[in-house]
Amino acid sequence: MNRDRVEGQWKQRRGKAVHHWGKVMNDELAAISGKYEELVGRLQEKFGIAKEEAKQQVDEFKELVEQLKKSNGNLIKLQKSLSETNE
């Protein structure tokens, strides 16, 4: 998998987060930079939801991202395998 494709996939994941939490802007996600409690707090503030609800949403999104990572990892392995077979 080439660099452009990896960068594109990251942009898609980040785009999904922005789409999922439309009121949270790109700059806010970049500033949060993986800080769990800060993200939970921002979601509470933006959407007026309870802390437990915000945590649940973050955890669900985190699980989705992990599944995408595993899927991408499997695709990379498959591509390498196919590339080696074709050589």
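The values are calculated or read from the model by the stated rules, or taken from the named source; none is laboratory data. A quick note: this is a predicted structure, and the numbers were derived from the prediction, not measured. Please note: Cβ atoms are built from the backbone with ideal geometry, for glycine as well, and neighbour counts cover all protein chains shown.
The set of residues from the range 52-63 being hydrophobic (A, V, I, L, M, F, W, C), within 20 Å of Q9 (Cα to Cα) and free of Cβ contacts under 8 Å to residues at least 24 places away in the same chain comprises just one member, V58. Here E28 meets the list (1) exposed (fewer than 15 other Cβ atoms within 10 Å of the Cβ); (2) more than 25 Å from L75 (Cβ to Cβ); (3) modelled with pLDDT under 85 almost entirely, failing just condition (1).
In the set K70, K51, only one residue is among the charged types (D, E, K, R), surrounded by 12 or more Cβ atoms within 10 Å (Cβ to Cβ) and at pLDDT 80 or above; that residue is K51.
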